[in-house]
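Let me begin by presenting the structure, written as structure tokens, before commenting on it.
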Amino acid sequence: MKELYLIRHAKSSWKDNSLKDFDRPLNKRGKRDAPFMAKLLHEKNIRPDLLLTSAAVRTMETARIFAEEMQYTPFIVQVEKKLYEAGAKRIVEVLKNLPNNAEKVFLFGHNPGLTELANVLTDSYVYNIPTTGIYAIRFAFDAWEQLGQRKGEFLFFEYPKKYFVEAD
């Protein structure tokens, strides 16, 4: 059995217009939401074998916060440049090459790719995985190269706005 946790990066800052999209850091809300969501997984007793993240600043920061908040070692963090602006097809190609000893994988990435991937891998439909949203999927196979369309079972969907009322 394999489990995949699609985790969209936390809310990022648009404060500095001189930064490229790739280089945007987390904003205040992102720094609040990431530790909160990590603690939710920790309370569910979910421990990853591997953290896989896009190389963008905001995804790497989100992954680091999850690792710290969950106080779980050893974390193996794999940075994958191909995940930045990737669609479902490219993400699947990356996932199929994961080591099979990684039973539970946290994938930190971006939309629209993560939402598209969730809808490709399961029979469930999600309109949007919001920032710091977590979409969990279980697979009844032992090798990541078997990953494919509609092979996953939807487990749960968590996101910060279920818990926080925003004063926008």
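Taking the chain as a Gaussian network of alpha-carbon nodes connected by springs under 10 Å, the highest mean-square fluctuation of the residues Leu117, Leu155, Leu147 belongs to Leu155.
Using alpha-carbon pairs under 8 Å, 6+ residues apart, how would you state the relative contact order of the chain in percent?
Reported as a whole number, the value is 31 percent.
Bridgeable lysines around Lys2 (alpha carbons under 16 Å apart, same-chain partners fewer than 8 residues away excluded): Lys96, Lys104, Lys151. Taking a straight line from the alpha carbon of Lys31, these lysines sit under 19 Å away, with near neighbours fewer than eight places off in the same chain left out: Lys11, Lys15, Lys39, Lys161, Lys162. Would you please give the FRET efficiency between Ser13 and Phe156, computed as 1/(1 + (r/R0)^6) with r the Cβ-Cβ distance and R0 = 25 Å, to the nearest 0.05? E between Ser13 and Phe156, to the nearest 0.05, is 0.30.
When you filter the trypsin sites (Lys or Arg not before Pro) in segment 125-168 for DSSP loop state and at most 11 other Cβ atoms inside 10 Å of their Cβ, you are left with Arg150. Each semi-axis of the equivalent ellipsoid for segment 1-83 is √(5λ) with λ an eigenvalue of the Cα gyration tensor; in descending order they amount to 23, 15, 9 Å.
Mean-square fluctuations from a GNM of the chain, with a 10 angstrom spring cutoff on Cα atoms, peak among Ala56, Ala140, Ala102 at Ala140.
Ordered by the number of other Cβ atoms lying within 10 Å of each residue's own Cβ, fewest first, Ser124, Ser12 fall into the sequence Ser124, Ser12. Helix-only arithmetic for the chain: the sum of -39500 (n - 2.57) across DSSP H runs with n ≥ 4, divided by the residue total, places the mean residue ellipticity at 222 nm at -8500 deg cm²/dmol. Computed extension gain for Phe164 through Ala143, at 0.36 nm per residue and net of the alpha carbon distance, reaches 3.8 nm. Counting neighbouring beta carbons within 10 Å and listing from fewest to most, the residues Ile134, Ile91 come out as Ile134, Ile91. Taking a Cβ cut-off of under 11 Å around Ala34, the surrounding Lys, Arg, Asp and Glu residues balance to a net charge of +4, with basic ones at +1 and acidic ones at -1.
For the chain, the longest principal axis of the alpha carbon atoms and the long axis of helix 28-43 meet at an angle near 30°. If you plug the beta carbon distance of Lys28 and Ser124 into 1/(1 + (r/R0)^6) with R0 = 25 Å, you get a FRET efficiency near 0.20.
Relative to the globular-protein estimate of 2.2 N^0.38 Å, the Cα radius of gyration of segment 16-168 stands at 1.01.
Just so you know, all these numbers are worked out from the coordinates, no wet-lab data involved. Quantities reported herein were computed from a predicted structural model and do not represent experimental measurements. Every residue, glycine as well, gets a Cβ built from its backbone with ideal geometry; the counts of neighbours run over all protein chains shown.
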